Amino acid sequence: MHHALITGANRGLGLEHARQLLERGWHVSAAVRSPGDAAELAALPVGDGKLDLHAYDAADPDSAAALAKAVTGPVDLLFANAGKMAPETRQFGSAAGAAMLEEFKVNSIAPLALVEAFVDQVAASEMKVIALQSSRMGSIRDNGSGGGYGYRASKAALNAIGKSLSIDLKDRGIVVLTLHPGWVKTDMGGPNGQLTVQESVSGQLDLIARAYGNPVMSGRFYHVSGQDLPW
Ligand SMILES: NC(=O)c1ccc[n+]([C@@H]2O[C@H](COP(=O)([O-])OP(=O)(O)OC[C@H]3O[C@@H](n4cnc5c(N)ncnc54)[C@H](OP(=O)(O)O)[C@@H]3O)[C@@H](O)[C@H]2O)c1
């Protein structure tokens, strides 16, 4: 049975990833801030899959190492999905501050800490795929509207981290995907998003399936449609 670890799996895209992977018979280790409050996640139909919930706070730099002690065995898909968009850091004039540091902790440093903590378990797996949930807003070339200082910069940092990981982990057979899920109807994406979580996640899982054993996909920044995005 393939095994995925997904952060931020209690709502939005992470919850739907957990749901669709369970439907495909995977073992899902779901890492969430408050396992006791994750009712929707805990109620997912498990079918032939397996679900376990773990406490994880992306803003705490020690949390990934603690998680790696609790989640044992090979991890075929390590999915750093948890993310934060702080309204305080959107506009020029008052963006630089504590909220921006939190965005960097959650969006940039936490995914790297997760990979550092789990790299041996990913290398020991059959699929060896790492997915980083980035955003098109982290693309510098694609920025035509300005603003979004904390979110854009922290996702751009994540993109740089993903590229380095793809180079550093290549010899271990690990494929690193940096992904944009599309503009999706979630709490973060809002009701005007262009995709449902079901559509976005099934597209992302198709990309992940293609990445298995396909090192030319590593170190690239993908739109959920499969197109390469500019850095
Ligand atoms: N929706 C879009 O249009 C869109 C577009 C581009 C990229 N993305 C990216 O996709 C990912 C998922 O976003 P979403 O749309 O599903 O947003 P969402 O519905 O707001 O969910 C965000 C998830 O991240 C978790 N999270 C936030 N801070 C955390 C922390 N400190 N520790 C652990 N978990 C934390 C949340 O947990 P809590 O419930 O505990 O807060 C929640 O599970 C994010 O990385 C986001 O940047 C989304």
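Computed from the coordinates by the stated procedures, all read-outs in this text should not be read as laboratory data. Given the structure is predicted, the values throughout are model-derived calculations rather than measurements. Positions of Cβ are backbone-derived with ideal geometry, glycine not excepted, and every protein chain shown enters the neighbour counts.
Looking at segment 194-212, which of the residues that are in contact (Cβ under 8 Å) with a residue 40 or more places away in the chain and more than 16 Å from Glu16 (Cα to Cα) is nearest to the ligand (Cβ to nearest atom)? Spell out how you get there, then give the answer.
Taking segment 194-212 as the starting set, the residues that turn out to be in contact (Cβ under 8 Å) with a residue 40 or more places away in the chain are 197-198, 200-202, 204-205, 208, 211-212.
Applying the additional criterion that residues be more than 16 Å from Glu16 (Cα to Cα) yields 211-212.
Numbers: Ala211: 18, Tyr212: 22 Å.
Checked segment 194-212; the qualifying residue nearest to the ligand (Cβ to nearest atom) is Ala211.
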### Query
So which of Ala82, Ala65 is touching a residue at least 40 places away in the same chain (Cβ under 8 Å), of a type in the set (A, V, I, L, M, F, W, C) and assigned to a helix (DSSP H, G or I)?
Ala65
### Among (1) assigned to a helix (DSSP H, G or I); (2) small (Gly, Ala, Ser); (3) away from the ligand (no atom under 15 Å from the Cβ); (4) farther than 15 Å from Phe221 by Cα, the one test that Gly144 misses
(1)
### Task
Take Lys170 and decide whether it is farther than 20 Å from Gly213 by Cα and free of Cβ contacts under 8 Å to residues at least 60 places away in the same chain.
no
### Message
Considering only residues that are within 13 Å of the ligand (Cβ to nearest atom) and surrounded by 24 or more Cβ atoms within 10 Å (Cβ to Cβ), which ones fall in segment 153-179?
### Response
Ser154, Lys155, Leu158, Gly162, Thr178, Leu179
### Leu67, sole failed condition from (1) within 24 Å of Val197 (Cα to Cα); (2) under 16 Å from the mean Cα position of the chain (by Cα); (3) crowded, with 19+ Cβ neighbours inside 10 Å; (4) of a type outside the set (S, T, N, Q)
(1)
### Message
of a type in the set (A, V, I, L, M, F, W, C) and within 16 Å of the ligand (Cβ to nearest atom): is that true of Val216 in this structure?
### Response
no
#### Entry: Scope segment 25-51; condition more than 16 Å from the ligand (Cβ to nearest atom) and surrounded by fewer than 17 Cβ atoms within 10 Å (Cβ to Cβ); matching residues
Gly25, Pro45, Val46, Gly47, Asp48, Lys50
### Residues within segment 62-117 that are more than 12 Å from the ligand (Cβ to nearest atom), β-branched (Val, Ile, Thr) and within 25 Å of Lys128 (Cα to Cα), tallied
4
#### Entry: Conditions (1) in contact with an Asp or Glu (Cβ under 8 Å, 6 or more places away or on another chain); (2) farther than 23 Å from Ser200 by Cβ; (3) more than 15 Å from the ligand (Cβ to nearest atom); number of the one not met by Val129
(2)
